[in-house]
1. Could you give the nm distance between label points at A:Ile153 and A:Leu102, where each point is 7 Å from its Cα heading toward the beta carbon?
2. When chain C is treated as a GNM, springs tying every alpha-carbon pair under 10 Å, which of C:Val103, C:Val232, C:Val224 comes out with the largest mean-square fluctuation?
3. What distance in nm lies between label points placed 7 Å from Cα along the C-beta direction at C:Gln162 and B:Thr98?
4. Stretched out fully, how many nm does the piece from C:Glu80 to C:Asp194 gain, at 0.36 nm a residue minus the Cα gap?
5. Toward the positive end of the charge dipole of segment A:197-306, about the Cα centre and with charges on Cβ (Lys, Arg +1; Asp, Glu -1), which of A:Leu292, A:Val265, A:Leu231 goes farthest?
6. In terms of the Cα gyration tensor, with a ≥ b ≥ c the square roots of its eigenvalues, is segment C:173-274 rounded because a/c is under 1.5, prolate because a/b exceeds b/c, or oblate?
7. From the phi angles alone, apply the Karplus equation (6.51, -1.76, 1.60; θ = phi - 60°) to segment A:231-237 and give each ³J(HN,Hα) in whole Hz, x where the residue is Gly or Pro.
8. Give the interface area between chains A and B as buried accessible surface, both sides summed, probe 1.4 Å, in Å² to the nearest 100.
Amino acid sequence: MLSVVIKRVVGAIPTLFVIITLTFLMMRLTPGGPFDTGRVASPEVQANLLHAYHLDEPLYLQYFRYLKDLAQGDFGPSFTSKDFTVTQLIRQGFPVSLQLGLSAMALAIVVGLALGTFGALRRNQVADHVVIAFSLVGIIIPNFVMAPILTLIFGVTLQWLPAGGWGNGHQLAYKILPVIALALPRISSIARLSRSSMIEAMQMPFIRTAYAKGLPRRLVLLRHASRAAILPVVSYLGPATAGIITGSIIVEQVFSIPGIGRYFVDAAINRDYTLVSGVVIFYGCIIVLFNLIVDILYGVLDPRIGRR
Amino acid sequence: MAVDNGWRRLRRNPAAMGGLIVLGAIVFLALLGPCISPHAIDEVFWDRISAPPDFDAGFFFGTDANGRDLFARTLEGARVSLLVGVSASVISLFIGVTYGATAGYLGGRIDNVMMRIVDILYSLPFVFFVILLTVYVGRSLSTIFVTIGAVIWLDMARIVRGQTLTLKQREFVEAARSLGATDFRILTRHIIPNLWGPVIISMLLVIPDAILTESFLSFLGLGVQEPNTSWGVLIGDGAQNMMGAPWSLLFPGAFLAVTLLAFNFAGDGLRDALDPRS
Amino acid sequence: MSQSTPENTSVPLLAVSQLSTRFRTPGGVVPAVDDISFSLCSGETLGIVGESGSGKSQTLFSIMGLLPPTAETSGSIRFEGKELLGLPPAELNKLRGERLALVFQDPMTALNPYLTVERQLSEVVQYHHGLSRPAARAEALTALRRVHIPEAERQLDRYPHQLSGGMRQRVVIAMAMIANPSLLLADEPTTALDVTIQAEILDLLAEQREAGAAIVLVTHDLGVVARLCDRVMVMYAGKVVEEGRTSDVFRNPRHPYTQGLLAAIPRLDDDIHDPRKAIDGQPPDLLELPPGCAFAPRCPLAGPDCRVTAPVLVPHGELGAVACHHANPGVRPS
Ligand SMILES: Nc1ncnc2c1ncn2[C@@H]1O[C@H](COP(=O)(O)OP(=O)(O)OP(=O)(O)O)[C@@H](O)[C@H]1O
Ligand SMILES: [Mg+2]
């Protein structure tokens, strides 16, 4: 088991490396990029940048310095703001984004699995068709259409919930709509996936064995089919994380939530190169980390992997 | 042979045929947009700011917050979105087919390394790199489809590689090799021309992906810029303006959703038709 | 049939009569099991033989109520005096795994790859006998020892993929026997195993029979039938073509199909360069059965009558029956 974990961790390193290197190279080498002289905003910022990046040194030294700073959690100064560093901005936004993202992920897993399993058990009946239609809706109506529509219906027209903002961070009402908007596409994908994997699992020969033992349907499902059915869903959680992060950019924008996504969009619009790069690397790390957790979880759930 | 069979299966699949017909209709509307819509896309009607749909005056979808006709703008959005989808997928087609066919054909260690690179790129959050690119390179329409195309070729490369691996073992390739054909010639004359089936299927998957990415960027203001428009731009404007004028959100949103649905059905149907095993 | 014989006047453990199982498929209705009747008393062993696709497994699945929803079953299956067809699931579940159990044909796929051997064994007794987890574990260990698994204790916590084919087959058998069922349905328990393990598994079944269980043994291997079974039933295209005491049928096969099967058994004195005298041709497609006898197209004795009317099973002697217009009348055993 431990060897599997180590193998996965080692396997994740190249990905992380590629993300950082690509970002670094883009920042340094793109014509018209931030270090092309004559484009830099104010003298103070320029001084900050020169100080932080040692632009007078050769490229490879700059690269190693960059790696070293990153390893210490230092993402460098912001390109447009002289008051905050990138690290400070990320630290401010991250708790909010994390709460939003994790809640949406949890909701998506619970509701998605429930819907998918329900559809599979009522295969080709009305309930199943409803599940299929629902999962299609989440896939064809993207976040950036769904989020405003939800605001319009529940925030503006019915006025059941706040149409935007994050409250003081402890008010549930502010979180409901954003979490739902963020979770919907993942609910659909998970429902779709778990429905088909449940149907497939129910046709495995060992399910017949379980029935032959006299186990009631409930036990056959919970103990025997669910294990096989959950694996494709688990491996989907990696891509789902990437999807949630992408979606959170939209949702934070639509609901004016002070998370990383908002800073990211503002930075991209204002061409705050260092902040955009920092956030990309940060997001990259989160995705790599989640993929790692998912891989390990998969190894735990499937005894054929890892153990002899 | 297999092609006829595929056609017959496709024609018997109502969802897929429906999808293809809807796609045809959307392409038709997009191309003929300027001829069909009574108003120009940038004409400002000061007396009709955020006005609801009005059939008599020819404002079928109403107007936006700047008093411009939404019907004309939605059709223009369709042109841009489809253009982005098609160009990005053509770019990804070139990269993906070249990369995938090379990896599959050469095989062995080279194939391993090449596919490992694809795996790594696959796990990257590619939308962020598109954003990064638009930040560095600037936000023009051509940047957008080149960057989108440059990051969504991975699926194509995987599919093409798999197909190449099986093609490589077929008799006609063996025959060409025994006649002394070079690797390059075998690849370009015998392998790539036989890849069209899986390639068409993956095109149908890549186009909606590209359209979605473009809309995402444009919604955030990072994509297509005024005075150009696209569904993403319209949905973004509509979202800002939805309290007074919900139609400005709903019409472009509906077009996008219907297009994605049609691609979904057509893609699934085509896959079943060409590859009944999966 | 067997009910009428003097020694079987007691109520049989299992009485199957006019059992038919059909599958609805896009291509039409597949009559996988067609009008089969037999009965079995405690301590008896019935062998079912026939080529691949003749309906052996589906017969067992019909008895166990393990058919997919596309299947339709008719007839009657009485087990311990209770009609199994149409029994509510809850009642059927009380019997399955406890009173009647099935040994699956393919041990590679019959075990759940995600659960340990212990979990898969002990859940049977946990569920049926309400045992606690430790008590069930002890039972599981006993069951493994009974099938002579080496290092039984260690195997308990392993997963199926960590076991060899022979070990898995034994686990499957242990699973079927753990609750001491009175009827054991064994579907080719020895196929895909090497000869020494085959012999051990057969010994296991024999032990089980000595303990009083009735066994239905499905197999391709006529040698196994000769060793273990009191009676044998020969199936072809979903129908019974011949049945009788094993010794009678083997000594004096009446149906040309049975004769063909017996002739195809390799013997020690066979010239190894001489291919086995297997029956020519393929079993028929169940969707396009010929109007008369299903075996007629392959039958050396088939006449015009065989292609028009299907023969019915005609009893002869004490326990025998054959369905053939040209059945070998048989030499009366002295
Ligand atoms: N779900 C199903 N749908 C349609 N036909 C089926 C189904 N299951 C089994 N059959 C058909 O029923 C027939 C009998 O199958 P069965 O599994 O009983 O054969 P068998 O005698 O056990 O053969 P083998 O020796 O290969 O195990 C076969 O022709 C098979 O194709
Ligand atoms: Mg069978």
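1. 2.9
2. Residue with maximal mean-square fluctuation among C:Val103, C:Val232, C:Val224: C:Val224.
3. Between C:Gln162 and B:Thr98, the label points sit 5.0 nm apart.
4. Gain on extension, C:Glu80 to C:Asp194, equals 37.5 nm.
5. Going by the charge dipole, the pick is A:Leu231.
6. oblate
7. Going residue by residue, I get 4, x, 5, 4, 6, 6, 4 Hz, with x marking Gly and Pro.
8. For A against B, buried area totals roughly 3500 Å².
The values are calculated or read from the model by the stated rules, or taken from the named source; none is laboratory data. None of these values were measured; they are calculated from a predicted model. All Cβ positions, even for glycine, are placed from backbone atoms using ideal geometry, and neighbour counts span all protein chains on display. Heavy atoms of the whole protein, side chains included, go into the accessibility calculation; ligands, DNA and RNA do not. Shrake-Rupley method; radii C 1.70, N 1.55, O 1.52, S 1.80 Å.
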